[in-house]
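Undergrad: The structure under discussion is supplied below as structure tokens; questions concerning it will follow.
Just so you know, all these numbers are worked out from the coordinates, no wet-lab data involved. Every value quoted in this text rests on a predicted model; they were computed, and no experiment measured them. Glycine also receives a Cβ, built like all others from the backbone with ideal geometry; neighbour counts cover every protein chain displayed.
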Amino acid sequence: MLLENNINNLNSSVIDFVLKGTDGKLYSLADFDDKDILVIIFMCNHCPYVIAVIKRFIELQKVFTDKKVQFIGINPNDTAAYPEDSFENMVIFHKENKMNFPYLIDETQETARKYDAVCTPDIYVYNKERILKYRGRLDDNWKDENNVTKHELEDAIKKIINGGEPVEDMKPSMGCSIKWYK
């Protein structure tokens, strides 16, 4: 089921979590205190939207690493109904894609619910004060990277780095619905 996120929670504070990463470590917001910007992406292994853009997220993390920007992937999906999103498959997905940012599992879906996450990918960008400044799409062509004309996430991060505000007319992220436990 295709869904779009909502942007009604702009300017809200980040919500803490304690989630296990594919490296076996537990992560919370405190692990990223040295970063000026956090990009939290609710994502999963099997969504065609995520699969189509994962390399772009990885490339953006490379571009912004020296700017104290940290990407974090969080998988909230029901792994019983969608075994392709299991923790074991997350480890494989992380390795096969050579992901350069933590990929965490939200086994209880509590974190996704607190964030009001809707789809995969659902992108949140927090400034140094951990206030949500961007909740929109990656770019204007998830299907074909060669036809992208607007790099909304990248532009938003650059504006936040420079102390500005992202665009007022944010386009929502679009993707597969989060697979909630029944």
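Undergrad: Using a 7 Å offset from the Cα along the Cα-to-Cβ direction at both residue 181 and residue 25, what is the distance between the two label points in nm, to one decimal?
TA: Placing both labels 7 Å beyond Cα along the Cβ direction yields 2.7 nm.
Undergrad: Between 31, 85, 16, find the one with the highest GNM mean-square fluctuation for the chain; connect C-alpha pairs within less than 10 Å.
TA: 31
Undergrad: Going down the table (25/62; 20/128; 67/114; 55/98; 62/95), which pairs top 18 Å between alpha carbons?
TA: Among 25/62; 20/128; 67/114; 55/98; 62/95, the Cα-Cα distance tops 18 Å for 25/62; 20/128; 67/114.
Undergrad: Right, here's the next one. State the percent of C-alpha pairs, over all pairs in the chain, separated by a distance greater than 25 angstrom.
TA: Considering the chain, 25 percent of its Cα-Cα pairs are separated by more than 25 Å.
Undergrad: Given segment 100-182, report the % of alpha carbon pairs whose separation exceeds 16 Å.
TA: The calculated P(r) of segment 100-182 puts 59 percent of pairs beyond 16 Å.
Undergrad: How far apart, in nanometres, would the label points at residue 55 and residue 146 be if each is projected 7 angstrom from Cα along the Cα-to-Cβ direction?
TA: About 1.1 nm, to one decimal.
Undergrad: Give me log10 I(q)/I(0) at q = 0.21, 0.22, 0.26 Å⁻¹ for segment 55-124, Debye formula, one equal scatterer per alpha-carbon, no solvent.
TA: Computed log10 I(q)/I(0) values: -0.98, -1.05, -1.26.
Undergrad: Using Cα pairs under 8 angstrom and six or more residues apart, how large is the relative contact order of segment 74-170, in percent?
TA: 18 percent
Undergrad: What are the chymotrypsin sites (Phe, Trp or Tyr not before Pro) within segment 98-182 that DSSP puts in a loop, where the Cβ has at most 13 other Cβ atoms within 10 Å?
TA: Listed in order of number, the matching sites are 180, 181.
Undergrad: Here's a follow-up. Hey, how much of the P(r) for segment 5-75 falls beyond 14 Å, as a percent of Cα pairs?
TA: Looking at segment 5-75, the distances longer than 14 Å represent 68 percent of pairs.
Undergrad: Which residue fluctuates the most in the chain, going by a Gaussian network model with Cα springs under 10 Å, if the choices are 41, 123, 161?
TA: 161
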